[in-house]
Amino acid sequence: MAKKVPAKCISVEEARELQKAWCDTRTPEIDKCIGFQDTREFWWSVEELQEYLKYVKKQSKKQGIDNPGIRMYFGAYPKEKCKMNRGYSTVFLSPTGAPAGALGKGGDTAPNNYEVAPYNRGGSGFPPNEY
């Protein structure tokens, strides 16, 4: 029996609409501003993500955080640290959560957990892969 689709999943059509809106309203200005076509998609294997989530859960549990979360941030590599000397965009994952009983302990208002390492170093296509 197939498992139920998670509640926050979206349709392929909605994903395409979101990507098109990003590309239509942001990509031209960003590329014009920085002078090259920037990346806008990032890739990790499911195994890598599961390994990271397991790490976050384990470290959070040690800290008394019952319901950790993940916040994603946009970032950009410093030009001198970028393989192609350009300073491409990236995203990184930041663990969130506070021990039980702390203020702002859960949901989208949870504080970043600076005691657990953020996650980065995904791959990206060049030119960017279209959705």
Do you know which residues across region 118-129 are in contact (Cβ under 8 Å) with a residue 12 or more places away in the chain and out of contact with any helix residue (DSSP H, G or I) (no Cβ under 7 Å at 6 or more places or on another chain)? PRO118, ASN120, GLY122, GLY123, SER124, GLY125, PHE126, PRO127, PRO128, ASN129
Given the structure, is ARG40 among the basic types (Lys, Arg), at pLDDT below 95 and either out of contact with any Asp or Glu (no Cβ under 6 Å at 6 or more places or on another chain) or at negative phi (or both)? yes
Just to be sure, is LYS3 more than 26 Å from ALA110 (Cα to Cα), open to solvent by 80 Å² or more (accessible area, probe 1.4 Å), assigned to a loop (DSSP other than H, G, I, E, B) and at pLDDT below 95? yes
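The values are calculated or read from the model by the stated rules, or taken from the named source; none is laboratory data. Quick caveat, the model's predicted, so the values are computed rather than measured. Cβ: placed from backbone, ideal geometry, glycine included. Neighbour counts: every protein chain shown. Side chains are part of the model used for accessible areas, which takes the heavy atoms of the whole protein and leaves out ligands, DNA and RNA. Shrake-Rupley method; radii C 1.70, N 1.55, O 1.52, S 1.80 Å.
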